[in-house]
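**Student:** Just dropping this structure here.
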Amino acid sequence: MATKYDAVIIGGGHNGLVTACYLARANWKVLVLERRYIVGGACVSEETFPGYKVSTAAYVNSLFRPEIIRDLRLRDFGFDVYERDPSSFTPFDDGRYLMLGPDHDMCLREIAKFSVNDARRYPEYEKMLERVASVVEPTLIQVPPDVLHPGLGDLFRMAPMAKAARKLGPALGEAIEVLTGPARPILDRWFESEQLKGTLATDAIIGAFASPSMPGPAYVLFHHVMGETNGKRGVWCYVKGGMGGLTQALARSAVASGVEIRTDVEVERILVSDGQVSGVATKAGDEFHASRVASSVDCNLTFTKMLDPASLPQDFIDAIRRIDYSSASMKINVALDALPNFTACPGTTAGPQHHGTIHLCPDQDYIERGYDNAKYGEPSREPIVECTIPSAVDPTVAPPGKHLMSMFVQYAPYALKHGTWDERKDEFADRCFDVVERYAPGFKRSVNARQVLSPVDLERTFNLTGGNIFQGSMALHQLFAFRPVPGYAGYRTPVRGLYLCGAASHPGGGVMGAAGWNAARVMLNR
Ligand SMILES: Cc1cc2nc3c(=O)[nH]c(=O)nc-3n(C[C@H](O)[C@H](O)[C@H](O)COP(=O)(O)OP(=O)(O)OC[C@H]3O[C@@H](n4cnc5c(N)ncnc54)[C@H](O)[C@@H]3O)c2cc1C
């Protein structure tokens, strides 16, 4: 006889685990089914190299909701963080560098090395972003309204946004530009030094298959003023033991609340009878029955693979098929025998240059050229490389004396014009290593082992359609009331009892836990 649960969660990524925890705390009998051998999804630590804790995909945190950390007592279950100060280091060919971080005075001194005018304007720029963030941030933990069939409740849900927008007053126009427009004209208007603009622009393009001069990426600009670490706004952190430190704590909290977690179980079909969900069937042929199922997997897989699309309303499935999964991100994890010794800021013991994100991208034109290659189906001739070295602050992620580097690389278009990623990824990884070597001679000699995850590998490993790191692009037409598709942003789906609880739904990608938490509240009718 098949076991019966109050809810089955498809996927044990951080959002699926958050949903499971909140449901179990309301005394629901909950089962989480995870396809991989380990929970965590794209927020995971793995022993890819012996003795290392590698954050295979996501590598830095600040967006995870503090309310969830408190509610689920994650610190009691082992969650801990290291603040990043400084948060970024950009070396340049002329031997100079730019360092930014939470220390305001340091930022101004650093920016003034390149432009005194920019240093004068920077505080006002940050205030502008904070004003926009103050409108956007409260919406992250809000269930978006149904814009197709608005009822009274939906109008109530829009009211706080309207109030916040009114508070912005004349700044509303600028806020709309940040939310919808390209990053480049904004940065060009505020600043004159390419060194500062290039560093800020790399933040804007993370995970997007777009250049800074295209509409959309500006939205990500203010991610760096959002979120918090230890109550400090805008401060990003490394999770102790890698990003899996968070999801392992979530899993412990879930189990303590009575959640059953099964790994190595792939859900193949969502079972439906008379328009009502009744459970799931696994690839191994098992069935688990429940009158509520929450999928933390992307919409393409949930609605076109696990369900029969013909059983869904045509306009809904058409909208699902329009979701943009394009991607051009690649991840390389590297085991190092030594820290990189940067020409612009020499040192082989851990220093401030190793603590934050190391941006290897001299200016905005460099990004544009990289994008130009990718839009024609070629990996960037000169890739934009963002490195982090968590072992410089967290001794638990690498064996003594060794180091771990994570490289987030753009642009690596999922659809190549020539060849396959399996054939070409090593040659492209070599090109990325050349970029690091240019700023830190000797780097290549210090490499002990590497894991290269092309967009196709990201798709295979994490079941992410198109290798899109956010389960669907974060362009404005796919955010808030339009995520995943208009009319279904409230975590419910056309199938009664079937919910969405992952990054495919509002507020989208990033390790926030908000989608999982919001979905749980909807399921619990709270
Ligand atoms: C390379 C990369 C780098 C990133 N860097 C950052 C970063 O530094 N900071 C940040 O905040 N965000 C980052 N992100 C984004 C962030 O990691 C994701 O948005 C977030 O982890 C999504 O969490 P989720 O729980 O919604 O979904 P996922 O993490 O995608 O979890 C879904 C889970 O479902 C499982 N699954 C899939 N199909 C099935 C099935 N059929 N049956 C059972 N289980 C299934 C998957 O194995 C997975 O565990 C990055 C993402 C990637 C890929």
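**Student:** If you take the C-alpha gyration tensor of the stretch 286-442, multiply each eigenvalue by 5 and take the square root, what semi-axes do you get, largest first, in whole Å?
**Tutor:** Equivalent-ellipsoid dimensions as semi-axes: 39, 23, 13 Å.
**Student:** Run the reach check for K402 against lysines, Cα to Cα strictly under 27 Å, same-chain hits fewer than 8 apart removed. What comes back?
**Tutor:** Leaving aside lysines fewer than 8 places away in the same chain, those within reach of K402 are K53, K240, K331, K425, K444.
**Student:** At a 1.4 Å probe radius, carbon and sulfur cover how many percent of the accessible area of the chain?
**Tutor:** Numbers: 10570 of 20020 Å².
Carbon plus sulfur share of accessible area: 53 percent.
**Student:** Another question, then. Work out the charge dipole of the stretch 3-64 with +1 on the Cβ of Lys and Arg and -1 on the Cβ of Asp and Glu about the Cα centre, then indicate which of S62, Y37, G16 is farthest towards its positive end.
**Tutor:** Value: G16.
**Student:** Write down the radius of gyration of the stretch 40-192 and its Dmax, each obtained from C-alpha positions, in Å.
**Tutor:** Just the Cα atoms of the stretch 40-192 yield Rg and Dmax of 20.4, 60 Å.
**Student:** Roughly how much of L458 is accessible, in Å² to the nearest 10, using a 1.4 Å probe?
**Tutor:** 10 Å²
**Student:** Arranged from highest to lowest average of other beta-carbon atoms within 10 Å per residue, in what order do the peptides 258-270, 48-60 appear?
**Tutor:** On the way: 258-270: 17.5, 48-60: 21.1.
Answer by packing, highest mean first, reads 48-60, 258-270.
**Student:** Residues of the stretch 1-147: accessible area per residue at 1.4 Å, in Å²? The partial results should precede the final answer.
**Tutor:** On the way: 5680 Å² over 147 residues.
About 39 Å² of surface per residue is accessible.
**Student:** Now for a different question. List the extent of the Cα atoms of the stretch 402-516 along each of their three principal axes, largest first, rounded to whole Å.
**Tutor:** Principal extents (Cα only, largest first): 57, 34, 24 Å.
**Student:** Another question, if that's okay. Can you work out the base-10 log of I(q)/I(0) for the stretch 1-68 at q = 0.18 1/Å, using the Debye formula on its C-alpha atoms alone?
**Tutor:** One equal scatterer on each Cα of the stretch 1-68 leads to -0.79.
**Student:** Work out how much length Y376 to A449 would gain on full extension: take 0.36 nm times their residue separation and subtract the Cα-Cα distance, in nm to one decimal.
**Tutor:** Details: separation 73, 0.36 × 73 = 26.28 nm, distance 3.11 nm.
My answer for the length gained is 23.2 nm.
**Student:** Using only Cα positions of the stretch 5-111, each an equal point scatterer, no hydration layer, compute I(q)/I(0) via Debye at q = 0.19, 0.24 Å⁻¹ and quote the log10 values to two decimals.
**Tutor:** -1.08, -1.33
**Student:** Another question, if that's okay. Which one of F191, M512, P91 is farthest out on the positive end of the charge dipole of the chain, using unit charges on Cβ (Lys, Arg +1; Asp, Glu -1) and the Cα centre as origin?
**Tutor:** M512
**Student:** Can you tell me which lysines have their Cα less than 28 Å from the Cα of K283? Leave out same-chain residues fewer than eight positions away.
**Tutor:** K4, K29, K305
**Student:** Taking only DSSP H segments of four or more residues, each worth -39500 (n - 2.57), what value at 222 nm results for the chain once the sum is divided by all its residues, to the nearest 500 deg cm²/dmol?
**Tutor:** On the way: 16 runs with 176 residues, N = 526.
Value at 222 nm, helices only: -10000 deg cm²/dmol.
**Student:** Which value, in Å³ per residue, describes the convex hull spanned by the Cα atoms of the stretch 303-365? Intermediate values should be presented prior to the final figure.
**Tutor:** Values: hull volume 10.7 nm³, N = 63.
For the stretch 303-365, the hull spanned by Cα atoms encloses 170 Å³ per residue.
**Student:** In addition: When ranked by the protection proxy of mean other Cβ atoms within 10 Å per residue, highest first, what sequence do the peptides 327-334, 312-319, 401-408 form? The partial results should precede the final answer.
**Tutor:** On the way: 327-334: 25.0, 312-319: 14.8, 401-408: 21.5.
Taking the mean over residues of other Cβ atoms within 10 Å, the ranking is 327-334, 401-408, 312-319.
**Student:** Let me ask something else. Suppose we look only past 28 Å in the calculated P(r) of the stretch 104-240. What percent of the Cα-Cα pairs does that tail hold?
**Tutor:** Counting every Cα pair in the stretch 104-240, those more than 28 Å apart make up 24 percent.
**Student:** For the chain, place one equal point scatterer on every Cα, skip the solvent, and apply the Debye formula. What is log10 of I(q)/I(0) at q = 0.10, 0.12 Å⁻¹?
**Tutor:** Relative scattering, expressed as log10 I(q)/I(0), comes to -0.77, -1.14.
**Student:** Between D430 and E126, 0.36 nm times their residue separation minus their Cα-Cα distance comes to what?
**Tutor:** Numbers: separation 304, 0.36 × 304 = 109.44 nm, distance 3.65 nm.
My answer for the length gained is 105.8 nm.
**Student:** Same structure again: Applying a 10 Å radius around every beta-carbon, put 460-467, 295-302 in order of their mean neighbour count, most first. Please list the in-between numbers first.
**Tutor:** Working: 460-467: 20.9, 295-302: 25.6.
Highest-to-lowest ranking by the protection proxy: 295-302, 460-467.
**Student:** Can you pull a Stokes-Einstein diffusion coefficient for the stretch 153-211 at 4 °C (1.567 mPa s), Rh from Kirkwood over Cα pairs, as a whole number of µm²/s?
**Tutor:** Working: Rh = 13.6 Å.
In µm²/s, the coefficient rounds to 95.
The values are calculated or read from the model by the stated rules, or taken from the named source; none is laboratory data. These numbers come from a predicted model, not from an experiment. Cβ: placed from backbone, ideal geometry, glycine included. Neighbour counts: every protein chain shown. Only protein heavy atoms, including side chains, enter the accessible area calculation; ligands, DNA and RNA are left aside. Shrake-Rupley method; radii C 1.70, N 1.55, O 1.52, S 1.80 Å.
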